[in-house]
Amino acid sequence: MKKLTIMLGLFLFLIACQDKTNHEDAQKPTEPVSESVTAEETQKKGEGLTSEEDEDIPPVYIDETKYTGDELEIVKLMNTRLRYLWEEDEKGYMSLIDPQSPVSGMSRTKVRKVISMSDITIQEQKKLYEGVVEVTELKENDVESSSIMVFWKKKEDGDSAQWIIADID
């Protein structure tokens, strides 16, 4: 019995005196802690900056150099609409809309850019010229939205006639 007690004591002594670096190495991360925290903070900051920076970055406007004549005037009107949406200028926005239009107010979602756009089709009607274009827009929340925009240029206004937004469906 005495031998068993001595053996048990010696065994416990050896366990207590063993090299502790193995336990510490097993608990240490492969990267220093300060670097991994910095990487996490950088990632969080990067994610946070995206939404804050989105507010400061103006929308991407349609390239007006690709258009001439009435098509250019319609594209300019579309770009002005994008600007008013981005600036949240409802008065300016509504000045682009025909009073007889079913559009009653400004969208609360900003448009970041026009992703795609069909050819602008202009047809002569009895009392006006009508321009139609289908667009796909990227909203500030990264949602794509397709719509058909209708523009009018009234003949009764003669040479001073300007294109105006008739509808956005």
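Stretched out fully, how many nm does the piece from T68 to M117 gain, at 0.36 nm a residue minus the Cα gap? Let's see the in-between values first.
Numbers: separation 49, 0.36 × 49 = 17.64 nm, distance 1.59 nm.
Working it through step by step, the gained length comes to 16.0 nm.
Dipole size in debye (nearest 20) for segment 64-168 around its Cα centre, Lys and Arg Cβ +1, Asp and Glu Cβ -1?
Numbers: 15 positive and 21 negative charges, 26 e Å.
The calculation lands at about 120 debye.
Give me the Å³ per residue figure for the convex hull around the C-alpha atoms of segment 64-168.
Values: hull volume 10.9 nm³, N = 105.
Spelled out: Cα convex hull of segment 64-168, divided by residues, is 104 Å³.
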Expected sort for M94, M78 with the fewest Cβ neighbours (10 Å cutoff) up front is M94, M78
Which value in nm describes the separation of the simple spin-label points at E124 and K154, placed 7 Å from the Cα toward the beta carbon? 2.0 nm
Paired Rg and Dmax values of segment 76-127, which use every Cα atom, in angstrom: 12.8, 36
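Read-outs throughout are calculated quantities, based only on the coordinates presented, and are distinct from any laboratory measurement. Being a predicted model, the structure only gives us computed values, none of them experimental. Quick reminder, even Gly has a Cβ in these numbers, built from the backbone with ideal geometry, and neighbours come from all protein chains shown.
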